[in-house]
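Read the figures in this text as sums done on the coordinates, not as results from a lab. The shown structure was predicted, so the numbers you read here are calculated from the model rather than taken from an experiment. Glycine also receives a Cβ, built like all others from the backbone with ideal geometry; neighbour counts cover every protein chain displayed.
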Amino acid sequence: MKKLLIMCGTGIATSTVVTGKVRDWLKDNNLEDKVQLFQSKITDELNRLDDYDIVVSTTLVPDNVRDKVIDGVPLLTGFGTEEMYGKILELINS
């Protein structure tokens, strides 16, 4: 089972919205049994990103971890969601 972290600046507002959308997407695509969801704030997770298989963030991340993080802002704006979900699906299946 893959561990998917969704994080934002405070671990409350935007990460909650994104977690709900990702949970619905997982359910709609019969992927619920392949992923365990976690939600947090960036300051609590920056040193633990390697503990997760997939990381989605709605806030800016430092350059040194940018390649490990998927931008979750498309789920807030509605632009680029299919590409973002494609990246998540690729990591779920890897």
Filter result (in contact with a strand residue (DSSP E or B) (Cβ under 7 Å, 6 or more places away or on another chain) and under 12 Å from MET7 (Cα atoms)) within region 53-70: ILE54, VAL55, VAL56, SER57, THR58, THR59, VAL69, ILE70
Restricting region 44-94 to residues that are hydroxyl-bearing (Ser, Thr, Tyr) and outside any helix (DSSP H, G or I), the residue that is surrounded by the fewest Cβ atoms within 10 Å (Cβ to Cβ): SER94
Could you tell me whether region 5-25 includes any residue that is in a helix (DSSP H, G or I), surrounded by 14 or more Cβ atoms within 10 Å (Cβ to Cβ) and among the acidic types (Asp, Glu)? no
Can you find a residue in region 20-33 that is of a type in the set (Phe, Trp, Tyr), at negative phi and over 10 Å from the mean Cα position of the chain (by Cα)? yes
Of all residues in region 51-80, count the ones that are in contact (Cβ under 8 Å) with a residue 12 or more places away in the chain and out of contact with any Cys (no Cβ under 6 Å at 6 or more places or on another chain). 18
